[in-house]
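The values are calculated or read from the model by the stated rules, or taken from the named source; none is laboratory data. Everything numeric here is computed off the predicted structure, so don't read it as measured data. Every residue, glycine as well, gets a Cβ built from its backbone with ideal geometry; the counts of neighbours run over all protein chains shown. Areas reflect the complete protein model, heavy atoms only, side chains present, ligands, DNA and RNA absent. Shrake-Rupley method; radii C 1.70, N 1.55, O 1.52, S 1.80 Å.
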There are 2 protein chains.
Amino acid sequence: MSRQTISNALNAPHRLRAETLERVTALIEELGYRPDQSARALKSGTRRIIAYPTPVDDPANPNPLMGGFLEAVVSAAGEAGYRILLVRPRPGQSQEQALDELIAGRTVDGFLLSDILRDDPRVAHLAAEGFPFAAFGRTEPGHPQSWVDVDSVQAVIELVGLLAARGHRKVAFLGSSSGQPWMDDRRDGFLAGVRRHGMAGQEFSVPGDDPGEIVAATRELLAGRARPTAIVAGGDWLALGVYAAARAEGVEIGADLALVAFDDLPVTAFLQPALTTVRLPLRRIAEALVSRLLRIVEDGVTPQAGLLLPGELVVRPSLGP
Amino acid sequence: MSRQTISNALNAPHRLRAETLERVTALIEELGYRPDQSARALKSGTRRIIAYPTPVDDPANPNPLMGGFLEAVVSAAGEAGYRILLVRPRPGQSQEQALDELIAGRTVDGFLLSDILRDDPRVAHLAAEGFPFAAFGRTEPGHPQSWVDVDSVQAVIELVGLLAARGHRKVAFLGSSSGQPWMDDRRDGFLAGVRRHGMAGQEFSVPGDDPGEIVAATRELLAGRARPTAIVAGGDWLALGVYAAARAEGVEIGADLALVAFDDLPVTAFLQPALTTVRLPLRRIAEALVSRLLRIVEDGVTPQAGLLLPGELVVRPSLGP
């Protein structure tokens, strides 16, 4: 058995056929061979570790998509023989200093970024350092285009199209006003759809993701004279507030009010009527992110263009008849 | 400035006073000193990395507590200068082989385990190897007692006490029958509470966490002749099904039916009436896990006894007047 085959079994198992991998693994097991990862890392310069800077969150009210995203990322990285290191700036450290420490310490092979903001300083810094990264969310032109994103604009245009086809003329967009690019995309999709179908569109926003504020703002809209016949919620979390507000105002979703949203959070399975929403292809996103990152790390090839994946419309009774 | 002070600033920042740390950090920044983590790891034998074996999950329906737990763990580990490496057996690898690979490769300083099962093979293996670990969930007697858990039994006894004080005599426990120790604890708490107050207690179970099955099982109970006046749900996820079932059966929670549960999931903030439940002290759990693990890693001291933390009862209108 060649040294390269054994090295592949240990370092790049995906390059071997299943039966070869099995034979090598059995042999390694039999001989009790244990490579010291630190010595190996010093020699080869690779750690088989991807750093994921975890967004700061509230343990009592975390981003409801985070658990599923991490699961998909761990799974996709694992398939390629890599592990995920959760990283965060130390107290007093800037984002850039935290990245520098990991780069300079040669702790990781590359970064996987999420929650990309406009002019995200992490993207600018990694681009300047020439260090491998892949981003869930678009990077600016001029920066490496190693990103993957969901085509939220198109998905929301399609949601509005579904409402137009059912005769709705007066629709509202419920968004959060925190300036996240993904929320802006969904708002842009709403505005584009409304223009395309000549509908009357209004927007209302809540400052963050506080349930009480979402319910209060929606109740006000439903109780007002300008009540729309349909609401496009910028996320399922916001849509949960519409259900609560509609119950409180005696408005029946799916009959008096059409409701469509975005994310397909698991908890919406308990809603009555079930929610029309857009499912994020989390496994495909994670696989594309890992594969783009490893093309840079292993082959030195940076993608020339970003990858925009379609969201999947899931039509359920909240859309109405 | 002593070599030890500089070493502490890099390796154990929590040991220095804030002003000393700041001075050393400024100096390091000025000199552009970058330790190679792999070389350092070979020399010192510590990586400042904690491995967390992530339970396999479905990205489209992940454990709703995972995001918050990971946030608390990343935060607690970061405070102590450690990072979290998400690990999982490679395809074809057993749990034990995956642990061995990390131990033998000296990739991590210790393990943080969650979702501890009875006779958990990971606990047995790490105990046999004498490798540092801390567990969220009880380990068997005879194994290292480096665990932290929530006193679910006591918390559910208290929930039942709240129901008894409101005159309920006929109560039901809604659990899942998947044999998880934490669900069994909650069931044991229910049975103990029911005995203590001389109530009539019945149990009903769903096989897993499928929303449709939870709602169907609860509707059957509510429509039947043996309908209880109160339900203790083994988790908030199950309680979400009770809300849906109650609406479908025309039963008003907080009036016709008292409902109490466990976990305080963020999404319950949208429920009407609000849910009485038990909050897990996630930050305290994570801090205790990290501190117990690092006592073993850094000082070689294994705790003599496990740490049982109280759940926090959050009383809201679903309990009834």
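Counting residues that are β-branched (Val, Ile, Thr), which strands (runs of 3 or more DSSP E) fully inside the stretch B:66-136 reach at least 2?
B:83-87
Give the stretch A:275-300 a look and list any residue that's out of contact with any strand residue (DSSP E or B) (no Cβ under 9 Å at 6 or more places or on another chain) and assigned to a loop (DSSP other than H, G, I, E, B), or say none.
Once the filter is applied, which keeps residues that are out of contact with any strand residue (DSSP E or B) (no Cβ under 9 Å at 6 or more places or on another chain) and assigned to a loop (DSSP other than H, G, I, E, B), the stretch A:275-300 yields only A:GLY300.
Would you confirm whether any residue within the stretch A:197-211 is at pLDDT below 95, part of a helix (DSSP H, G or I) and closer than 22 Å to A:PRO266 by Cα?
yes
Would it be correct to say that A:ALA164 is open to solvent by 40 Å² or more (accessible area, probe 1.4 Å), at pLDDT 95 or above and out of contact with any strand residue (DSSP E or B) (no Cβ under 8 Å at 6 or more places or on another chain)?
Against the criterion (open to solvent by 40 Å² or more (accessible area, probe 1.4 Å), at pLDDT 95 or above and out of contact with any strand residue (DSSP E or B) (no Cβ under 8 Å at 6 or more places or on another chain)), A:ALA164 does not qualify.
Being under 13 Å from A:ALA233 (Cα atoms) and in a strand (DSSP E or B) is true for just one of A:VAL148, A:VAL156, A:VAL171. Which residue is that?
Exactly one residue qualifies, and that residue is A:VAL171.
Can you run down the residue pairs with Cβ atoms below 6 Å, 6 or more apart or on separate chains, where the first is in the stretch A:240-256 and over 14 Å from A:GLY320 (Cα atoms) and the partner is open to solvent by 60 Å² or more (accessible area, probe 1.4 Å) and part of a loop (DSSP other than H, G, I, E, B)?
Pairs that qualify, where the first residue is over 14 Å from A:GLY320 (Cα atoms) and the partner is open to solvent by 60 Å² or more (accessible area, probe 1.4 Å) and part of a loop (DSSP other than H, G, I, E, B), are A:ALA244/B:GLN272.
Could you check how many residues of the stretch A:272-288 are among the polar types (S, T, N, Q) and at pLDDT 95 or above?
Count: 2.
Do the conditions hold for B:VAL251, that is, is it in contact with a helix residue (DSSP H, G or I) (Cβ under 9 Å, 6 or more places away or on another chain), surrounded by 22 or more Cβ atoms within 10 Å (Cβ to Cβ) and β-branched (Val, Ile, Thr)?
No, not satisfied.
Looking at B:VAL56, B:VAL73, can you tell me which residue is under 22 Å from A:ALA80 (Cα atoms), of a type in the set (A, V, I, L, M, F, W, C) and in contact (Cβ under 8 Å) with a residue 24 or more places away in the chain?
B:VAL56
Would you check if B:ALA216 is open to solvent by less than 10 Å² (accessible area, probe 1.4 Å) and either more than 19 Å from B:VAL194 (Cβ to Cβ) or not in a strand (DSSP E or B) (or both)?
no
Among B:PRO303, B:PRO228, which is the only one that is of a type outside the set (Asp, Glu), in contact with a strand residue (DSSP E or B) (Cβ under 6 Å, 6 or more places away or on another chain) and outside any helix (DSSP H, G or I)?
Of the residues listed, the single one that is of a type outside the set (Asp, Glu), in contact with a strand residue (DSSP E or B) (Cβ under 6 Å, 6 or more places away or on another chain) and outside any helix (DSSP H, G or I) is B:PRO228.
Could you tell me which of the residues A:ARG196, A:ARG186 is of a type in the set (Lys, Arg) and under 20 Å from the mean Cα position of the chain (by Cα)?
A:ARG186
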